[in-house]
1. Averaged over all directions, how much area does the convex hull of the C-alpha atoms of the range 158-209 cover when projected, in nm²?
2. With a point put 7 Å past each Cα toward its Cβ, work out how far Arg148 is from Val233 in nm, to one decimal.
3. Gaussian network model of the chain, Cα springs within a sub-10 Å range: biggest mean-square fluctuation belongs to which of Ala75, Ala61, Ala103?
4. Can you give the log10 of the normalised intensity I(q)/I(0) at q = 0.12 Å⁻¹, computed with Debye over equal Cα scatterers of the range 72-125?
5. Quick check: Cα centre of the range 52-79 to Cα centre of the range 179-249, how many Å?
6. Going through the cross-link list Lys6/Lys127; Lys132/Lys158; Lys74/Lys127, which pairs have a Cα-Cα distance over 18 Å in this structure?
7. Hydropathy first: keep DSSP H helices in the chain averaging at least 1.0 on Kyte-Doolittle, then drop any whose Cα extent along the axis falls short of 15 Å, and list what survives.
8. Assuming R0 = 25 Å, can you tell me the calculated FRET efficiency for the pair Leu206 and Leu48, based on Cβ-Cβ distance, to the nearest 0.05?
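Read-outs throughout are calculated quantities, based only on the coordinates presented, and are distinct from any laboratory measurement. Bear in mind the structure is a predicted one, so any value in this text is a computation, not a measurement. Positions of Cβ are backbone-derived with ideal geometry, glycine not excepted, and every protein chain shown enters the neighbour counts.
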Amino acid sequence: MSGTDKIALVTGAGSGIGRASAQALARAGWHVALVGRRADALAATAELDPGRMIPIPADVADPAQVAQAFETVKARFGRLDMVFNNAGTGAPPVPFEDLDIAAWRRVVDVNLTGAFLCAQAAFRIMKAQDPKGGRIINNGSISAHAPRPRSAAYTATKHAITGLTRSLSLDGRVHDIACGQIDIGNAATEMTQRMSQGVPQADGTLAAEPVMDVQAVADAVVFMAGLPLEANVQFMTVMATKMPFIGRG
């Protein structure tokens, strides 16, 4: 199968990492289904390459909407070769004891259950298609390794994504489904604009943090997606070189 025949689905494709990755995949010859809650944002992404990207509005936390989105992809393209589980959200940065249960549940629903639902729908298509198989890439985040202050919900779900990635990697082997995880630190998007003003550090201070061009993440996703199914990037970390993470800084 040539690159121009391959079909990808990207969640959270209306902005940031999702938009940049979808655009990079389209440039690399993929047809890309764009999934997210905001129809207007998805349409804006699709307009960047309307011949290769189609918007499919859906909330990844809703099982019925996820099922319908994947059915739409199957009906339109006949197969699915790659899913980038990128959609994510966070909770307000309040003291842990003040974290509202509704905020906790929304983060779990989007970040973890959403990835589970999309991976499950992908498995059903990928194991049954001919040729069978495909690839799932989960967005883990630096928070899959180390928390920021007041980020219990986000950090817990991103640690859980690592467990999901490992389980999918094992369960997918018999079906030629590969699963890997990309852990991203400080890509320059709408979500990281606050980095330049200063964000809380582990020692209680506020400090501005370096960021990197989001295109570096998009290029990494394209590399992972383009590997033959007998090869897999199990875990990749792409981060701003000088951001706090390694060692004590």
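1. 5.0 nm²
2. 2.3 nm
3. Maximum fluctuation in the GNM of the chain, among the listed residues, is at Ala75.
4. Result of the Debye calculation: -0.40.
5. The two parts, judged by their Cα centres, are 27 Å apart.
6. Details: Lys6/Lys127 16 Å; Lys132/Lys158 29 Å; Lys74/Lys127 13 Å.
Cα-Cα > 18 Å for Lys132/Lys158; rest within.
7. Details: long enough: 16-27 (17 Å, 0.12); 63-77 (21 Å, 0.00); 114-126 (18 Å, 1.32); 152-172 (29 Å, 0.07); 215-226 (16 Å, 1.43).
Qualifying helices: 114-126, 215-226.
8. Numbers: r = 35 Å, r/R0 = 1.41.
According to the calculation, E is roughly 0.10.
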